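The values are calculated or read from the model by the stated rules, or taken from the named source; none is laboratory data. Remember, it's a predicted structure, so these values are computed and weren't measured experimentally. Every residue, glycine as well, gets a Cβ built from its backbone with ideal geometry; the counts of neighbours run over all protein chains shown. Quick note on the areas: whole protein, heavy atoms, side chains included, nothing else; ligands and nucleic acids left out. Shrake-Rupley method; radii C 1.70, N 1.55, O 1.52, S 1.80 Å.
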Amino acid sequence: MTTIRIKALLLTLALLTAGSPIANAGESSLPRKADPTALQDSEGKEEPGIDRKLLAGKRFKFYWRSRDGGALNGIATLDAQGTIRGIDSPNESTWLLDDAGRLLFKHADGRVSTRYDEVRMQDGRLCFEGPFLFRDGIVHLLIETGDPAGRQKHEIRPQQADTIRYSKQRFVYLDLDEVHVFRLQDGTTRTIRLVSVKEVKDSVIGLVRRAEVVVEIEGEPLTLVCAPYVMPTEVAGLRIQADTTSAWLEIPKRVQFSLWDASDPIVDTDVFCFPLPDYLLFSHGTQAYNEPVHLGHRDGDPVGQCFYHNYGVDLAGYEGRQKVVSCIDGVVVQAAAQTGTLAIQDDRGFILVYGHLDSILSELRQGTQVERGQWVGMLGKRGGSGNFAHLHVGSYLSESAMLADGMNRNLNLYPWLVAAHARVSGTKLRAVARPHHTVRTGEVVEFDGTNSIAGESSITSHRWEFHDGTHVDGPKAKKVYEKPGCYMATLRVHDEQGSTDVDFCKVKVFSDPDLEDVIPILCVTYKPAGIVRVGQPVSFRIWPQGGGAEAIEVDFGDEDSYREYRPYSAITHAFSRPGIHVVTVSATAGGLPTTQKVKVVVQRAGAP
């Protein structure tokens with residue numbers, strides 16, 4: 001997650017009406033009213049009170065905030081029959097007015113989840129504010145927005161794509177049976193027709209997890225998977241990716257595609273670099289484009305925050321110990337040390353944002369020139385980080401979009417970051433077991449390792465290993481979990497050159513039919529996060545999210561372990577043998593098992 005503070009002068013309610021993640025909503029609080037049915041406009045004039053007829057059919061931008069920051073949950077429509085549309089969470093299922101005239105949101109089980117104690121008019125818009133009753137310190141904010149016909153869709157228009165110098169990809173929007181003709185560099189064309197779209201949602205919080213998008217290219221059918229951690233597909237000289245669908249994001253048509261000539265790179269790594277030096281991709285937790293949030297405090301839990309991370313990529317790491325560099329050449333247009341936000345704009349107006357930095361180099365101020373690869377700060381968890389240490393990388397298409405807090409939700413930076421990392425690490429084998437799963441007991445979980453990256457080789461085998469000692473050979477596997485908790489599935493891949501890699505898939509299992517409010521998880525970070533040498537000390541830092549944890553044990557995967565670990569404390573370990581070491585952290589949280597795994601790649605001293 002990320003919270004972008006723009007400028008102190010813009011931290012007003014007017015700013016919140018313009019964009020997505022809340023800047024620092026605490027500085028734009030609504031005045032408390034003795035009579036919640038009485039309204040005042042922005043000049044303090046009395047307006048008629050609210051009633052059910054006034055609210056029925058209205059649409060609101062629905063924000064959450066805490067002392068650490070906030071974000072946009074989505075657009076909530078208050079239907080006349082008392083249901084809430086547009087928010088994929090059981091916390092916001094129905095609405096009503098109580099005897100005092102206060103707006104209430106209710107959970108699907110009938111409990112009041114949010115009580116809006118404050119109401120006012122701001123620039124002609126209704127605004128409500130009140131506590132989220134399922135979690136202390138969280139406030140919900142509703143800001144009236146326009147009619148559906150007047151809403152601006154999320155899209156990247158051709159003239160905007162021209163300002164993105166780092167990639168020649170083009171963004172195309174198609175409805176069913178619609179056709180687009182793409183011209184390759186050699187003058188030939190490829191005709192793409194959208195045939196069908198089928199989305200799949202999870203059974204716990206009801207968010208979209210993947211979509212199968214069927215297209216025809218020159219009349220030949222092709223099924224594209226639209227999901228987090230999917231790389232583009234190359235066919236007939238064309239590179240194509242189904243970025244998102246209208247189920248994830250409000251876009252002009254049913255599906256957004258990215259298209260390249262296959263002879264062009266995904267991203268030009270001569271002008272765009274990976275932001276974390278000496279960092280092994282997939283060494284830590286990640287949140288990729290369109291993945292439901294799951295690493296922050298109570299993210300993805302029935303009574304927590306449930307929304308899509310479609311505004312950038314999150315890379316977890318060790319707080320205050322992992323360097324961050326600029327991906328691009330440009331000039332600093334924002335450096336907010338308090339929230340750890342750094343924004344750098346290139347000479348075409350495109351802006352990359354680095355969020356939650358523990359520190360920003362003191363010499364970086366607005367107007368400072370920065371070069372690609374230049375050290376700019378240290379990874380951290382400032383601002384609305386959800387209490388997990390990570391770097392958020394996001395983008396704005398222009399400075400005006402940044403000033404309106406209009407985060408770009410159409411550009412999938414995941415393929416760019418994979419390509420940029422390969423430039424510095426080599427095109428090596430990369431196991432990809434992600435994204436995570438959120439399921440119920442007794443439900444069949446489908447694991448997919450086909451997103452693993454072969455590099456310049458070919459993958460010869462996949463193996464899925466589970467917590468109960470069972471395994472399945474092959475890129476895909478199915479598993480049923482009978483007890484609630486947080487589990488990790490391990491994916492091992494081998495290629496024809498004899499290389500091996502490992503990745504992990506987190507599975508949060510809730511009891512069926514009576515769901516737990518929260519399944520706590522563990523955050524595990526370590527430094528150095530790149531290649532480690534035999535005998536080199538490695539520092540680990542671990543803490544629970546979503547609740548307390550007991551009996552935390554760290555198994556380093558080399559017959560050594562650490563018992564009764566104390567959360568947030570730093571411990572060190574030196575590996576005596578080369579290879580991929582799987583470090584397993586296990587605990588009990590709320591009476592449920594919770595586990596997290598990370599890999600540490602160790603080489604012999606003196607190895608290249």
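In Å², and per residue, what accessible area does the range 355-428 have when probed at 1.4 Å with the other protein chains present?
Details: 2580 Å² over 74 residues.
Heavy-atom SASA per residue in the range 355-428 reads 35 Å².
Between the helical axis of 414-425 and the dominant principal axis of the chain, each derived from Cα atoms, what acute angle in degrees is found, rounded to the nearest 10?
Roughly 30 degrees, rounded to the nearest 10.
At 0.692 mPa s and 37 °C, plugging the Kirkwood radius over alpha-carbon pairs of the chain into Stokes-Einstein gives what diffusion coefficient in µm²/s? Spell out each step's value before the answer.
Numbers: Rh = 25.2 Å.
Result for D is 130 µm²/s.
At a probe radius of 1.4 Å, what is the per-residue accessible area of SER576, in Å² to the nearest 10?
Estimated to the nearest 10 Å², SER576 gives 80 Å².
Quote the relative contact order of the chain in percent (integer), defining contacts as alpha-carbon pairs under 8 Å separated by 6+ residues.
Values: 1592 pairs, mean separation 61.9, N = 608.
Normalised by residue count, the contact order of the chain is 10 percent.
Could you tell me, in Å, what Rg and Dmax come out for the Cα atoms of the range 455-608?
Using the Cα atoms of the range 455-608, the pair Rg, Dmax is 16.9, 55 Å.
Given points 7 Å out from each Cα along the Cα-Cβ axis, report the THR441 to VAL225 separation in nanometres with one decimal.
For THR441 paired with VAL225, the spin-label model returns 2.9 nm.
Per DSSP H run of at least 4 residues, take -39500 (n - 2.57); add these up for the chain, divide by its residues and hand me the 222 nm value, nearest 500 deg cm²/dmol.
On the way: 5 runs with 29 residues, N = 608.
After summing the helix terms and dividing by residue count, I get -1000 deg cm²/dmol.
Give me the accessible area per residue for the range 172-325, probe 1.4 Å, as a whole number in Å². Please list the in-between numbers first.
Values: 4970 Å² over 154 residues.
In whole numbers, the range 172-325 has 32 Å² accessible per residue.
If the only charges are +1 at each Lys and Arg Cβ and -1 at each Asp and Glu Cβ, what is the size of the charge dipole of the chain around the Cα centre, to the nearest 20 debye?
Working: 67 positive and 77 negative charges, 125 e Å.
That gives a dipole near 600 debye.
Ignoring ligands, DNA and RNA, please state the percent of accessible area on the range 454-589 from carbon and sulfur, probe 1.4 Å. Provide the component values of the computation, followed by the final result.
Values: 2660 of 6030 Å².
Ligands and nucleic acids excluded, carbon and sulfur reach 44 percent.
How would you order 201-213, 513-525 from highest to lowest mean count of nearby Cβ atoms within 10 Å? Provide the component values of the computation, followed by the final result.
Details: 201-213: 18.8, 513-525: 20.7.
Ranking the peptides 201-213, 513-525 by packing returns 513-525, 201-213.
Quick one: with all protein chains in place, what share of the accessible area of the range 221-292 is carbon or sulfur, to the nearest percent (1.4 Å probe)?
Numbers: 990 of 1900 Å².
Roughly 52 percent of what the probe reaches on the range 221-292 is carbon or sulfur.
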